[in-house]
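*Asks:* The structure is given below, and queries will be raised subsequently.
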Amino acid sequence: MNLPPEVQKRTQQWLKPPFDDETRHQVQNLLDHDPEALIDLFYTTISFGTGGMRGVMGIGTNRMNPYTIRAATQGLANYILKQKEKDTPRVFIGYDCRKNSRKFAEETARVLASNGIEAHVTKELRPTPYVSFGCRHLNCIAAVMITASHNPPEYNGYKVYWSDGAQVVPPHDTGIIEEVKKVDRQEDVKIVPFHHPLIHEVGQDLDEAYYDALTPLQNFPNDNEQSGSQLKLVYSNLHGTGITLMPEALKRWGFTDVSFVEKQITPDGSFPTAHSPNPEQAEALHLGIEQLLREERDLFIATDPDADRMGVVVNHHGEAVILNGNQVAALCLYYLCSTKSKLGTLPENGAAVTTIVTTDLFPLIASAFNLTCFQVLTGFKYIGEKIHEWENGLFSFLFGAEESLGYLYGTHSRDKDAMIAACLLSEIALQEKKRNKTLVDYLHAIYRQFGLFREKQLSVSFGTGREGAEKMKHLMSVLRGAPPREICGQQIVTYEDYQTGVKTHVHSGKKEKLTLPKSNVLVFILEDESKFIIRPSGTEPKIKIYGMVHQKLKGDIDEGMHACDRHLDKILKTLKENHLS
């Protein structure tokens with residue numbers, strides 16, 4: 001077959017040095033026996049976006065491999081050198097349990113060192129929030145984390161952090177992207193051996209500094225020390241990095257009775273017991289849930305491979321109840337506000353931060369305690385950005401959360417941190433256990449005060465590769481050009497388009513300017529105040545729909561939740577069938 005000219009050009013480049021023999025052999029083999037496969041591998045260059053890059057591992061310009069890692073790092077190095085630091089700039093590098101993660105971390109260090117930049121690499125795999133912490137603690141200009149979070153085993157990724165410890169935001173994100181785009185040939189990449197004077201390995205000292213940053217965040221240190229062993233935990237790292245820090249972090253907060261899910265304890269990038277190691281999905285939790293009930297323990301905590309997200313299951317009087325990210329966000333915020341209010345430690349200028357796709361209960365709780373709540377675009381980097389903005393003392397950051405199981409208490413990290421989230425949640429569970437209550441009881445008490453809030457998410461996938469991405473783009477364009485006027489008999493009252501930055505009041509036609517940065521997100525609010533939000537995934541060809549409803553509590557909580565869920569299911573199904581298929 002005739003390959004597109006750009007694919008032919010890139011394929012020919014990969015058949016010559018500096019590409020290694022094995023890579024050249026694989027390309028030649030496909031050229032001889034399956035040339036069509038080369039199109040998806042070479043039709044484009046893997047996208048380096050605002051947070052870095054993520055994709056399937058393999059040969060080709062459209063895959064994660066040593067050569068695309070090197071090119072991205074050369075672009076990052078070029079941008080760092082443009083900052084004209086007084087001293088030798090340094091970058092902190094961490095990596096997760098995935099296949100090739102250590103290799104990609106070493107490639108990153110080799111390119112940085114060849115450009116005169118110090119590279120500090122973790123000796124062993126470590127969680128993402130640890131890299132955010134280490135970036136600031138080691139006084140680095142940037143950090144790189146090699147991870148694909150909870151994506152399937154064939155994926156890997158490259159996340160970039162700036163000197164404040166948060167994922168890069170403007171102007172640095174676009175500046176780095178521009179530099180990466182300029183590196184279009186491997187000949188543009190400088191590289192040295194890994195055993196180079198500018199490359200250093202980081203170990204136990206940074207671990208201790210991290211634990212020391214968590215310990216003062218306890219609200220009831222005496223209770224935790226004296227009674228923490230009464231709380232019986234189950235923990236699974238889902239074959240990921242959490243096992244390197246979580247047990248000790250919990251222990252230092254007093255929570256010593258931890259039972260591990262043994263089949264999932266060994267770090268393994270093939271994720272043999274959880275093909276999709278995402279604690280948002282019940283299938284990844286079933287081993288831990290069985291253990292929770294079998295051993296009659298109080299709480300099961302699971303973390304994704306890079307231990308920035310945390311899933312939670314409560315043993316509620318013999319029934320395993322999975323708490324979603326919206327519920328955990330609400331109960332953590334309520335606990336921090338109410339506890340610190342009673343202890344007199346709630347700052348007067350306190351602030352909480354969440355995303356526009358997270359429960360509306362979050363800002364309601366903040367308001368009840370005179371806490372300022374900020375809603376930002378999807379992505380924890382925008383929460384981290386707020387912490388950096390407030391270093392001048394304008395606001396005092398208390399808690400940040402997003403519905404996809406990401407939480408941050410404290411400012412030691414500028415990214416979501418499953419270790420501190422697990423410690424905080426264990427403290428809440430201990431306080432409730434002392435009253436013969438569970439976290440579910442605590443959540444229900446919040447519902448009785450504020451009303452019922454329910455949220456659901458639906459993802460619509462469009463296959464893989466170029467065709468899937470193009471279909472997704474087309475459907476978003478159609479939806480934007482002709483937005484629905486009603487859903488399930490409910491009129492749409494307002495329509496927010498974050499790409500144009502305009503909020504439209506449908507009946508009056510009045511328009512308002514949105515204050516958040518532009519993003520490919522659509523928000524619709526119905527006359528019963530239910531809400532749905534539509535946005536494409538940043539890493540896969542799929543569109544995510546978030547549905548939110550709330551109502552005053554009338555009678556039984558469980559019955560009310562079921563009614564809300566039925567309403568949500570109806571809205572999501574209608575949207576999918578009528579507008580996204």
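Derivation of every value follows stated rules applied to the coordinates shown; laboratory data play no part. Source: prediction; values computed, not measured. Backbone-built Cβ (ideal geometry, glycine too); neighbour counts: all protein chains shown.
*Asks:* Tell me, what ³J(HN,Hα) does each residue in region 451-458 have, in order and in whole Hz, if you take phi through Karplus 6.51 cos²θ - 1.76 cosθ + 1.60 with θ = phi - 60° and put x for Gly and Pro?
*Replies:* Running phi through 6.51 cos²θ - 1.76 cosθ + 1.60 with θ = phi - 60° gives x, 7, 10, 10, 9, 9, 10, 10 Hz.
*Asks:* Using modelled amide H (1.01 Å from N, peptide plane; none on Pro or chain starts), what sits under 5 Å from the amide H of residue 117, excluding residues fewer than 5 places away?
*Replies:* It is none; the list stays empty.
*Asks:* Follow-up question, since we're still on this one. What FRET efficiency do you get for residue 265 and residue 459 if R0 is 30 Å and r is their Cβ-Cβ distance, rounded to the nearest 0.05?
*Replies:* Between residue 265 and residue 459 the formula returns 0.55.
*Asks:* Quick one: which of 12-25, 162-175 comes out on top by average Cβ neighbours within 10 Å, and what's the full order, highest first?
*Replies:* Highest-to-lowest ranking by the protection proxy: 162-175, 12-25.
*Asks:* If you stretched the chain out fully between residue 213 and residue 341, how much longer would it get, using 0.36 nm times the residue separation minus the C-alpha to C-alpha distance?
*Replies:* Gain on extension, residue 213 to residue 341, equals 43.8 nm.
*Asks:* Pop out the ³J(HN,Hα) list for region 413-428 in order, Karplus 6.51 cos²θ - 1.76 cosθ + 1.60 with θ = phi - 60°, rounded to Hz; leave Gly and Pro as x.
*Replies:* In residue order, the calculated couplings are 10, 10, 9, 4, 9, 5, 5, 5, 5, 5, 4, 4, 5, 5, 4, 4 Hz.
*Asks:* Take the residue pairs 251/433; 456/518; 84/159 and return only those whose Cα atoms are more than 28 Å apart.
*Replies:* Details: 251/433 18 Å; 456/518 24 Å; 84/159 23 Å.
From the list (251/433; 456/518; 84/159), the Cα-Cα distance tops 28 Å for no pair.
*Asks:* Take the Cβ-Cβ distance between residue 44 and residue 1 as r, set R0 to 30 Å, and report the resulting FRET efficiency rounded to the nearest 0.05.
*Replies:* Computed FRET efficiency for residue 44 and residue 1: 0.95.
*Asks:* Something else now. Lysines near residue 511 by alpha-carbon distance under 28 Å, same-chain residues fewer than 8 away left out - which ones?
*Replies:* Within reach: 386, 473, 503, 531, 544, 576.
*Asks:* Among 508-521, 268-281, 116-129, what's the highest-first ranking by average C-beta atoms within 10 angstrom per residue? Walk me through the intermediate numbers first.
*Replies:* Numbers: 508-521: 12.3, 268-281: 19.1, 116-129: 22.9.
So the peptides 508-521, 268-281, 116-129, ranked by packing, come out 116-129, 268-281, 508-521.
*Asks:* Apply the Karplus curve 6.51 cos²θ - 1.76 cosθ + 1.60, θ = phi - 60°, to the phi angles in region 564-581 and return the couplings in whole Hz, x for Gly and Pro.
*Replies:* 4, 5, 4, 4, 4, 4, 5, 4, 5, 5, 4, 4, 5, 6, 8, 10, 10, 9
*Asks:* Where in region 441-462 does the amide nitrogen come within less than 20 Å of the point 7 Å from the Cα of residue 551, taken along Cα to Cβ?
*Replies:* The answer is 444-457.
*Asks:* Starting from the Cα-Cα distance between residue 486 and residue 570, subtract it from 0.36 nm times their residue separation and give me the gain in nm to one decimal.
*Replies:* Stretched out fully, the residue 486 to residue 570 stretch lengthens by 28.9 nm.
*Asks:* Sort 475-487, 44-56 for me by packing, meaning the mean count of neighbouring Cβ atoms within 10 Å per residue, highest on top.
*Replies:* The densest-packed peptide leads the list: 44-56, 475-487.
*Asks:* Which shape class applies to region 44-202: rounded if a/c is under 1.5, otherwise prolate when a/b exceeds b/c and oblate if not, where a ≥ b ≥ c are the square roots of the Cα gyration tensor eigenvalues?
*Replies:* It is rounded, given that a/c, with a ≥ b ≥ c, falls under 1.5.
*Asks:* Here is a further query. Starting from the 7 Å offset along Cα-to-Cβ, what nm value, one decimal, do you get for the label separation of residue 510 and residue 200?
*Replies:* Between residue 510 and residue 200, the simple spin-label model gives 5.9 nm.
*Asks:* Follow-up question, since we're still on this one. Between residue 16 and residue 542, what length comes free when the chain is fully extended (0.36 nm per residue of separation minus the Cα-Cα distance, one decimal in nm)?
*Replies:* Length gained between residue 16 and residue 542: 185.8 nm.
*Asks:* Long-range amide H contacts for residue 373: which residues qualify at under 5 Å (H placed 1.01 Å from N, peptide plane, sequence gap of 5 or more or a different chain)?
*Replies:* 352
*Asks:* Let me ask something else about it. Using modelled amide H (1.01 Å from N, peptide plane; none on Pro or chain starts), what sits under 5 Å from the amide H of residue 506, excluding residues fewer than 5 places away?
*Replies:* Here the answer is 494, 495, since their amide H atoms fall under 5 Å of that of residue 506.
*Asks:* With +1 on the Cβ of every Lys and Arg and -1 on the Cβ of every Asp and Glu, and nothing else charged, how large is the dipole of the chain about its Cα centre, in debye rounded to the nearest 20?
*Replies:* With Lys and Arg at +1 and Asp and Glu at -1, about 1220 debye.
*Asks:* Could you state, as a whole-number percent, how many of the C-alpha pairs of the chain are farther apart than 41 Å?
*Replies:* More than 41 Å apart: 24 percent of the Cα pairs in the chain.
*Asks:* So how far, in whole Å, is the C-alpha centre of region 406-475 from the one of region 515-548?
*Replies:* 17 Å
*Asks:* As a footprinting exposure proxy, order 488, 423, 564, 373 by other Cβ within 10 Å, with the fewest listed first.
*Replies:* Result, fewest neighbours first: 488, 373, 564, 423.
*Asks:* Say each of residue 563 and residue 372 gets a label point 7 Å from the Cα, pointing the same way as Cα to Cβ; how far apart are those two points in nm?
*Replies:* Label-label distance for residue 563 and residue 372, simple model: 3.8 nm.
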